[in-house]
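Have a look at the structure below before the remarks.
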């Protein structure tokens, strides 16, 4: 059985994901500034690079984890004393983040597919 994401581990996930997302954003801005991406072929070639697609996938994993920790803390702090309300809200947010994660995975796999 795994341990829940609380205390120091939740704090570390929040901070490390924020650092990675900031570095990824800076790298993306620099890349888009320096590399001319004038047409579909250039964009497609960019996303075919394993480093770019893996870094992007890791960005979205970090984004989902960062979102989960932040929204979970807000729900636990402000959703009142009702345990059933908290569990319902946490389940809805968790399901929504999972749906978004699978949707992004589908998009990334479609983009890096050799059949496109």
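The values are calculated or read from the model by the stated rules, or taken from the named source; none is laboratory data. Bear in mind that the values here come from a model prediction, so they are computed numbers and not experimental data. With ideal geometry, Cβ positions are generated from the backbone for all residues, glycine too; neighbour counts draw on all protein chains shown.
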Can you tell me which residue is farthest from residue 77 (Cα to Cα) among those in the stretch 17-41 that are surrounded by 12 or more Cβ atoms within 10 Å (Cβ to Cβ) and without any contact (Cβ under 8 Å) to a residue 24 or more places away in the chain? 37
For the stretch 77-112, give me each residue that is more than 30 Å from residue 54 (Cα to Cα) and free of Cβ contacts under 8 Å to residues at least 12 places away in the same chain. 77, 78, 79, 80, 81, 82, 83, 84, 85, 86, 87, 88
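Every residue, every condition in (1) at pLDDT below 95; (2) farther than 29 Å from residue 9 by Cα; (3) in contact with a helix residue (DSSP H, G or I) (Cβ under 7 Å, 6 or more places away or on another chain), yes or no:
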| residue | (1), (2), (3) |
| --- | --- |
| 39 | yes, yes, no |
| 51 | yes, no, no |
| 60 | no, no, yes |
| 63 | no, no, yes |
| 80 | yes, no, no |
| 91 | no, no, no |
| 107 | yes, yes, no |
| 114 | yes, yes, no |
